[in-house]
Amino acid sequence: MKRTFSERLALLSDAAKYDASCASSGSDRRGSKKEPGLGSTERSGICHSWTPDGRCVSLLKILMTNFCIYDCAYCINRVSSGVERARFSVEEIVWLTMEFYRRNYIEGLFLSSGIIRSSDYTMEELVRVAKVLRLDRGFRGYIHLKAIPDASPDLLAEAGLYADRLSINVEMPTETGLTQYAPEKDSIGIRSAMGHIRKKMDATKEKTLAGRRPPRFAPGGQSTQMIVGADAATDQDILSSSSALYSDYRLKRVYYSAFSPIPHASQALPAQKPPLLREHRLYQADWLFRFYGFQFQEITENRPDGMLDLEVDPKLSWALDNRAVFPVDINQAPRELLLRVPGLGPRSVKVLLATRRHKTIRLDDLERLRVSIRKIRPFITTPDWRPVKLIDRMDLKSLFAPPPQQLSLL
Amino acid sequence: MKEHLVSLPDAAPFSLWRLHVRPLLAAGIAPEHIIWRSTSEQDDLFSQPEPPPETKTATSQTISKDCLRFLETLLCHASPERFSLAYRILWRSRRERALLKTGTDPDVVMANRMAHQIGREVHKMKAFVRFREKTPQGSNMRHFVAWFEPEHHILEKAAPFFARRFSDMNWMVLTPKGSIGWDGETCVVTREACTRTIFEDEAEALWKTYYRSIFNPARVKVKAMRSEMSPKYWKNLPETELIPEMLAQAARQTW
């Protein structure tokens, strides 16, 4: 019996929820006031809702189909899973995207799919959705396509014409992890597709010899995702993987997805709650790399087991391990050093740099900026404050760490 | 020196405030000698207000563009403090050129905070407006109406976004602080209060199906959700009525 539209929507969005990305940012800015059509993109994305898992809903994130010929252990849609299957037609996805967009529910579409028949066939169908949206419907909202790694380069090139962002998931932080859990996927194929996308994006920045601009290619860049906690990779393994991904393929984002138990799970996987705090710490480390000028290596080099401290955030943890750097003079230190001070973020650093050109900053100035004085005090000096011995205290960490909790008996 | 009383309506826009401010500034009336009142307040304490002072000379007051733009944003705030704060900043920045860059000055801290709240609400309005279809028979354009309840006077700021995005539809955003309308060609913003209208839209059922299915019950983080999507917006979002049921179901699952 054929399922209703609504039933298929439920199945195909349920199947898509393990992809963490829902970003709609970083593309070129465009509107539809001057040309016929619908939609616009803003430089910073918009989250239109949040679900009780604390994640934002920015895009209509669905699978074209959850049928799949692959058997990746961590995936709810693998061929050996007992999950119900469904498929949307190109026209159905286009219609739903347009109707949701008109009601301001979403910024656009994030379309992914299980692999059916062949990689090329699947990729062709995904590209067709984007093409119909752009060319037939004049849709100027955001489109994120999940690229199929083994699809032909021509199809990837065509995808980049219509999509704002392309992504390919590396899935596992290490190659061993991938071989173990996703036997049909190979990390060389994934990486060569990412390299191909990068080359295409780089090419749009240069004019050809004839002075022509190459065609548009995924102006929102590419991103990827790694599953955390399914295999034995340490945080250090994960972050060094990220480091390579950011520099080799110039990714916009690496997403970390705490492995979440799935219905019909493979026996090979841990049936436990997703390691959400660990995932959070990895995002914080990623943030330090992208906005605070940290190298990934420094973040984990002093961690004995290669794991980030779960008790305190990675920036504070780094500061506690590198006390010789502190205290930092708030009125003299360069930007890079201010960004290393626990309790200061890029925004407050910006205000401090602008302000100190006109006046000397004192402790109560910091308080007015709503900087946590308790947190920042051991690490800074101002004309009216010097942390006598505080920075040398052996138990400094205990001033920040959460109070110990009694272990649960169950 | 006598106090000057300036009465402005609650929803006074920047342009009106500016008209009142020009003569005061030209006459050199210091901020501490001005009392700002909203006309909705009871008029009994100061029954004999000082008339606006006459402009002696057309003293040219050069105010930087950045400062003006900043004050214009500040005037979108709903706080009755905004009139006096904006005047104080205007007054002081004539002598203290770097005032707005001194991010730790108490007036600037307060103004920056208010500007931040306005920016945040504009952003949330772009996110949380929900259009419902109401296309009249025979119309060649699709018609949509939304109801939204902003705290601040942000409609002028949010209007260009909606006009840029939903250009091929005919739509209205109605709010207690005014409305934005678009007929396919022109965008009209008013400050006249509207009344709440709610009607059915069939697509909402699909949206709710999507919202329910994209939620991962293995990773409940209610605090994160509430900090980004404040419950004050919930009553006008069709999907949020599902939250209690979704949480109850998640609690029953064992992993």
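Numbers below:
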read-out	value
Residue in segment A:330-337 that is modelled with pLDDT of 95 or more, in contact with a Ser or Thr (Cβ under 6 Å, 6 or more places away or on another chain) and open to solvent by less than 30 Å² (accessible area, probe 1.4 Å) present	yes
Among the candidates A:Val341, A:Val371, residue that is at pLDDT below 95, surrounded by 15 or more Cβ atoms within 10 Å (Cβ to Cβ) and either within 14 Å of another protein chain (Cβ to nearest Cβ) or not in a helix (DSSP H, G or I) (or both)	A:Val371
Residue in segment B:42-65 that is of a type in the set (Lys, Arg), open to solvent by 50 Å² or more (accessible area, probe 1.4 Å), more than 30 Å from B:Arg120 (Cβ to Cβ) and modelled with pLDDT under 90 present	yes
Residues that are aliphatic (A, V, I, L, M), part of a loop (DSSP other than H, G, I, E, B) and at the interface with chain B (Cβ under 7 Å from one of its Cβ atoms), drawn from segment A:42-75	A:Ile46
Segment A:90-118, residues that are among the hydrophobic types (A, V, I, L, M, F, W, C), closer than 20 Å to A:Ala147 by Cβ and within 13 Å of another protein chain (Cβ to nearest Cβ)	A:Ile93, A:Leu109, A:Phe110
Among the candidates A:Thr382, A:Thr355, residue that is within 14 Å of chain B (Cβ to nearest Cβ), surrounded by 15 or more Cβ atoms within 10 Å (Cβ to Cβ), over 30 Å from A:Ile238 (Cα atoms) and touching a residue at least 12 places away in the same chain (Cβ under 8 Å)	A:Thr382
Answer from A:Gly189, A:Gly108, A:Gly114 - the residue that is open to solvent by 10 Å² or more (accessible area, probe 1.4 Å) and under 30 Å from A:Leu282 (Cβ atoms)	A:Gly189
Members of segment A:103-130 found to be over 30 Å from B:Ala127 (Cβ atoms), without any contact (Cβ under 8 Å) to a residue 40 or more places away in the chain and among the aliphatic types (A, V, I, L, M), listed by number	A:Met123
Close pairs from segment A:288-316: first in contact (Cβ under 8 Å) with a residue 60 or more places away in the chain, partner among the basic types (Lys, Arg), Cβ under 6 Å, at least 6 apart	A:Leu308/A:Arg281
Complete set of residues in segment B:238-253 that are open to solvent by less than 50 Å² (accessible area, probe 1.4 Å) and among the charged types (D, E, K, R)	B:Glu239
Test: residue in segment B:139-154 that is closer than 19 Å to A:Ser32 by Cβ, open to solvent by 10 Å² or more (accessible area, probe 1.4 Å) and acidic (Asp, Glu)	no
Checklist (1) closer than 21 Å to A:Tyr18 by Cα; (2) within 9 Å of chain A (Cβ to nearest Cβ); (3) open to solvent by 70 Å² or more (accessible area, probe 1.4 Å) applied to B:Arg226, failing item	(1)
Residue within segment A:221-241 that is touching a Gly at 6+ places or on another chain (Cβ under 8 Å), buried (at least 18 other Cβ atoms within 10 Å of the Cβ), part of a loop (DSSP other than H, G, I, E, B) and at pLDDT 90 or above present	yes
Which listed residue, of A:Ile299, A:Ile361, is β-branched (Val, Ile, Thr), in a helix (DSSP H, G or I), farther than 30 Å from B:Pro217 by Cβ and in contact with a helix residue (DSSP H, G or I) (Cβ under 8 Å, 6 or more places away or on another chain)	A:Ile299
Selection from segment A:358-368 of residues that are facing chain B (nearest Cβ under 7 Å) and either open to solvent by 40 Å² or more (accessible area, probe 1.4 Å) or in contact (Cβ under 8 Å) with a residue 24 or more places away in the chain (or both)	A:His358, A:Lys359, A:Ile361, A:Arg368
Hits in segment B:94-127 - residues which are facing chain A (nearest Cβ under 7 Å) and of a type in the set (D, E, K, R)	B:Lys101, B:Lys126
Identity of the residue in segment B:190-210, β-branched (Val, Ile, Thr) and more than 20 Å from the chain's Cα centre (by Cα), that ends up least open to solvent (accessible area, probe 1.4 Å)	B:Thr209
Boolean, A:Ala265 is at pLDDT 90 or above and part of a loop (DSSP other than H, G, I, E, B)	no
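Residue by residue, here is whether (1) touching a strand residue (DSSP E or B) at 6+ places or on another chain (Cβ under 8 Å); (2) part of a loop (DSSP other than H, G, I, E, B); (3) over 17 Å from A:Ala10 (Cβ atoms) holds:
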residue: A:Asn77; (1), (2), (3): yes, yes, no
residue: A:Glu91; (1), (2), (3): no, no, yes
residue: A:Leu96; (1), (2), (3): yes, no, no
residue: A:Tyr101; (1), (2), (3): yes, no, yes
residue: A:Asp120; (1), (2), (3): no, no, yes
residue: A:Glu124; (1), (2), (3): no, no, yes
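Yes/no matrix, rows are residues, columns are (1) small (Gly, Ala, Ser); (2) away from chain B (no Cβ under 14 Å):
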{"site": "A:Leu209", "(1), (2)": "no, yes"}
{"site": "A:Gly221", "(1), (2)": "yes, yes"}
{"site": "A:Gly229", "(1), (2)": "yes, no"}
{"site": "A:Ala233", "(1), (2)": "yes, yes"}
{"site": "A:Tyr256", "(1), (2)": "no, no"}
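The values are calculated or read from the model by the stated rules, or taken from the named source; none is laboratory data. Computed from a predicted structure; not experimentally measured. Please note: Cβ atoms are built from the backbone with ideal geometry, for glycine as well, and neighbour counts cover all protein chains shown. For accessibility, only protein heavy atoms count, side chains too; no ligands or nucleic acids. Shrake-Rupley method; radii C 1.70, N 1.55, O 1.52, S 1.80 Å.
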